[in-house]
Each structure stands twice: as C-alpha cells, then as structure tokens.
Amino acid sequence: MIVLTKQSGVRFIRMPAKAAKKQEVSSLHSGLGDEDLLKIFRAMLLTRAFDNKVLSLQRQGRLGAYINCTGEEAAIIPSAFALQKEDWMITSYREVGAHIVRGLSIDHMFAQLFGNASDLLKGRQMSNSWGSRDLNIVPTAAPIGAYLPIAVGIAMAMKIEKKTGLAVLAYMGDGGTSSSDFHTAMNFAGVFKAPIVFICRNNGWAISLPVSKQTASETMAIKAKAYGFDGIRIDGNDALTVYETTKEALDKARTGGGPTLIETLTYRIGAHSTADDPARYRDPKETDAWSRRDPIAILRKNLMSWKVLDEKMEEKISQEVTEIVAKAAKAQEDIPPLPPEKLIFDDVYAQLPAGLLEQRQQMIDLEKAS
C-alpha cells in the first residue's frame, strides 16, 4: 500500500527524511509486469554505463563538457516510463535515462555529444541537449527553467486542439524552481489546468548552492499550492514509487484534472558537471551516506526478492549494456562533423534567397579548393 500523510497541504509518499543507512525493499505494488520491471532495470544500468563511458571519454579530452546523472536514475527513468507514445517530454540537461526510455538510440546520444554529422540537432546544441521530433522530445534550453513555459505551451496546444488523453512531462532540478520561468509556467498551468506534470529532481544542490540557501519554502512540492494544484514529495531513489506517482499524475492530467508538481528526493552523487569540483563545497560524509541508497541497488533488491531477476540475468544485462555503449562510442567518434555550409545555411529558410545561395556555393567552392 501507499501510505499518504499531509503536511502543509502537500502529500508525502515514502519520503526519506535523511539518507538511509541500508538498502530497503519498496512496499509499493506498481502494477508493472515482470517484463516492464526488467526494462526499467535495464534502462537504469544502460544509463549508468553511458554516464561512466562519457565521463571517461571527457577526461581523456575526446569529448567536451558533460552533465552526469549517477545516483538519480530512479528519479528519471521510471517517470519517463509512465509516458505514452504520443505524449511529449521536455527535459533539463540531467535526464539522460529519460531519453533512453523514450527510444533515443545510444548512437544518437553520442552523436549529439560529438556534434558529428549523425547528430539529429546538427551540432547546434550544447552537451546533454538531446531532442527528437519523431519521439516528441523538445531539446532543452541552456538557461535554467527557460523551457518550462514552452512545455506548458505544448500542453495548452493539446488542450485547445482537444487532443484528449495526452499529456506533457517536464523535468527540472531544484535550482530550476528559483527561476522566473518556473513561476510563469506554474502560474499559467494552474490557471488554465494544462495537462502537464512537472518533475522536480531535488538532488540537494544547485551546482554549489544547497537547497537550504536557495529557498525558504518547506519543500519544493509545496510551491504548487500557491498556483492551485497538487504538489507531491516522494522518495526519488525508489523507482517503483516514482513510476506509480508519475503515472497517477499523468492519468489525472490526461482526463482534465490539471497539472501536478512531483518533487523527487534524490542526490547528486557526482559533480554538477565535468567542470565542477564538489569537494570544494560538499561534505564527503553526505555523499557517502546517500551512496548507500544507490537507486539501482534498491531496485535490484526488489527484483531479486520477487524472483523477477537473478544473478545470471543481471550479468547478461550488464554485459549487454556495456557492449552497446562501447560500440556506439567507437562508431560515433569516427564520424566527421557536418560541412560548414550545412551548419550555416540550412534550416533557416524554407527556400534560400538568391544571395544566400550564392554565398553557400562560394563556401562549397572554397572547401573544395582547400
């Protein structure tokens, strides 16, 4: 059963007050079959393997900046798993696993990081800014929270066009709740009952700023009450809690019940990005405590106890995801970037004016001559 308590008008579901000292087994019945449970577990392992590989390549100088999500997989992957195919998803830069769940290939994810000719966004976006028109994923914006009003706009378009049964899932970090665009998006969504679910990953830190110095609010979830809709705070390291809570909120949004803000309590085990050194501002004891609540280990214990997973299956999945990541990294590193004329002139006009066509040809001629 899910045990709900009320505090300041906000629902709390299996929320850990502090990092637990040992792994725990979820008490939730998620309604997922064995195959779906294994898909979530596999996506979490694939995300961790991708994170590790990219960090290794970056440290070798073969890739640029990267923002990892180690330790936050359960706050991201199961929530995306609750989406339907025709729903839309907008992420910040740390939702690596959400893109994997939606079906973006590891090859395309590496292509975006390398900025090569296979990149769906043609090398025009910063790292971790994946997107796909076919998968209904809008690439993120670099300014924190800037994409949230866009997410609400998509949800409102669904409502205006009477596309019932659809919803939008929009992610942000705890730092995103301090942006002006967060308040704009929340207010509009609340007033017009937009079919959207906001996921706030409260991982404790907005780069080097702790939550305690970022907001005077008791929780992030409570912020929803000011805009007239539900806020829910949950254990973001329990994959099944995250899935069930998100599914419930999406179902409500699809049937006209309006938005929900879900705060997932989790922790950023690594640095904010490859340009950050958390040792300068964070107590290592805090990181060690949260590391003992590894979300992959928690889900693994669940699946083992339910006889959904055994050690042989786990070994097979681990080997498989490692090979997928290694193969994709090697293949995409060898692909060159798009030629300059493709980057500069394409996708601006439906039909290039004569002057730009001439300049484009001049650039092609210069390339051939060099």
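Please treat every number below as a calculation from the coordinates, not as lab data. The model shown is predicted, which means the values in this text are computed figures rather than measured ones. All Cβ positions, glycine included, derive from the backbone under ideal geometry; neighbour counts span all protein chains shown.
The lysines within cross-link reach of Lys39, meaning a Cα-to-Cα straight distance under 17 Å and a gap of 8 or more places when in the same chain, are Lys85, Lys247, Lys301, Lys307, Lys312, Lys316. Which of these, Met172, Met126, Met109, has the largest mean-square fluctuation under a Gaussian network model of the chain (Cα springs below 10 Å)? Its mean-square fluctuation being the largest, the pick is Met126.
Only counting other Cβ atoms within 10 Å, I'd like Met304, Met89 sorted with the fewest neighbours first.
Values: Met304 15, Met89 25.
Fewest-to-most Cβ neighbours within 10 Å comes out as Met304, Met89.
In terms of its alpha-carbon gyration tensor, segment 65-120 comes out oblate; a/c meets the 1.5 threshold, while b/c is at least as large as a/b. When only the Cβ of Lys, Arg, Asp and Glu is charged (+1, +1, -1, -1), the dipole of segment 27-120 relative to its Cα centre reaches about 380 debye.
Between the labelled values (i) 0.97; (ii) 1.02; (iii) 1.86, the entry that holds Cα Rg over 2.2 N^0.38 Å as derived from this structure is (ii). For the residues Arg201, Arg360, Arg94, a GNM of the chain with alpha-carbon springs under 10 Å puts the largest fluctuation on Arg360. Using Cα springs under 10 Å in a Gaussian network model of the chain, which residue among Val168, Val348, Val242 shows the largest mean-square fluctuation? Evaluated over the chain, the most mobile residue of the options is Val348. In a reduced charge model with +1 at each Lys and Arg Cβ and -1 at each Asp and Glu Cβ, the chain shows a dipole moment near 900 debye about its Cα centre.
Report summary: the helix-based calculation at 222 nm, which adds -39500 (n - 2.57) for every DSSP H run with n ≥ 4 and divides by the residues of the chain, gives -13500 deg cm²/dmol. Sorting Asp119, Asp181, Asp134 by the number of Cβ atoms found within 10 Å of their own Cβ, with the fewest placed first, yields Asp134, Asp181, Asp119.
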